[in-house]
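Quick notes on the structure that follows.
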Amino acid sequence: MTTAEPRDPATLARYLDMFPAWLRTLGEDAGALGTVVSADGDDEVKRYVTSGLNYIFKSLDLIPDGIDDLGFCDDAFVIRVAASLAVEASPGAAKDGVVGRLAEEAKSVEDFLGEDYPRLVAYVKGLRKGAARGRTVEDIMTDASARTSFVHEVSAWAQEYQVPSFTRDVKTLIKLKAFLSAKLA
């Protein structure tokens, strides 16, 4: 595993540019992943993508106001790790534009989190058994009506998503790491 020293100014500058860009595209990324859920394709890929998207709704219901930047960065991290797991389960998924790109970007999450990254991976794997807003990943995967409703909800959220502010300061990165470290088992 590669771990970037968090005090390295070049690495910090890279994250301070990267994470706001991820926040800007979170809605578009979620919308594009929603099409993966509704399309024909590998069920393992769809399960991981679904779990990452379902997490966004769980996150919306749990993240307190005032830390939108941290909460949505968390969501951006989760969908990237979910895409990486999808590619790991089905290497052909890397050919899908959004899944492949997000899976590749998960390497930056790994670099940023260092020793906490395996905990995030375990957490994302566990999302396949979780539920948000009364629906499980399995419900979405096996019930066409639930899947259609979920994809519509993802699409609506993606269109309404408002990019939160992200203070380009080292303190923001420290808070983000602490936030994730505290929530991971």
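Taking the radius of gyration and the Kirkwood hydrodynamic radius from Cα positions alone, what is the Rg/Rh ratio for the chain, to two decimal places?
Ratio of gyration radius to Kirkwood radius: 0.95.
Tell me which lysines have Cα within less than 30 Å of K175's Cα, excluding those fewer than 8 residues away on the same chain?
K58, K107, K125, K129, K183
Report the one residue of G126, F179, Y15 whose Cα lies farthest in the direction of the positive end of the charge dipole of the chain (charges on C-beta: Lys and Arg +1, Asp and Glu -1; origin at the Cα centre).
F179
If you place +1 on the Cβ of every Lys and Arg, -1 on the Cβ of every Asp and Glu, and leave all else neutral, what size is the dipole of the stretch 9-183 about its Cα centre, to the nearest 20 Debye?
Here the size comes out at about 320 debye.
Please return the longest range in the chain lying between exposed loop sites, taking trypsin sites (Lys or Arg not before Pro), DSSP loop only, at most 14 other beta-carbon atoms within 10 Å, and leaving the sites out.
8-132
Just subtract the alpha-carbon distance of A178 and S38 from 0.36 nm times their residue separation and send over the number in nm, one decimal.
46.9 nm
Using +1 at the Cβ of each Lys and Arg and -1 at the Cβ of each Asp and Glu in the chain, identify which of T142, H152, G97 lies farthest towards the dipole's positive end.
Farthest towards the positive pole: T142.
List the residues, sorted by chain then number, that are 5 or more residues from G130 or on another chain and whose placed amide H is less than 5 Å from its amide H.
Under 5 Å from the amide H of G130 lie the amide H atoms of V137, each far enough along the sequence or on another chain.
Classify the stretch 23-118 as rounded, prolate or oblate, taking a ≥ b ≥ c as the square roots of the eigenvalues of its Cα gyration tensor: rounded when a/c is under 1.5, otherwise prolate if a/b is larger than b/c and oblate if not.
oblate
In whole Å, what is the distance between the alpha-carbon centres of the stretch 4-46 and the stretch 144-166?
Centre-to-centre distance over Cα atoms comes out at 16 Å.
With a Förster radius of 25 Å, plug the Cβ-Cβ distance of T148 and E88 into 1/(1 + (r/R0)^6) and report the FRET value to the nearest 0.05.
So the FRET efficiency works out to roughly 0.35.
Every number here is computed from the coordinates shown, using simple stated rules; none is lab data. Quantities reported herein were computed from a predicted structural model and do not represent experimental measurements. Glycine also receives a Cβ, built like all others from the backbone with ideal geometry; neighbour counts cover every protein chain displayed.
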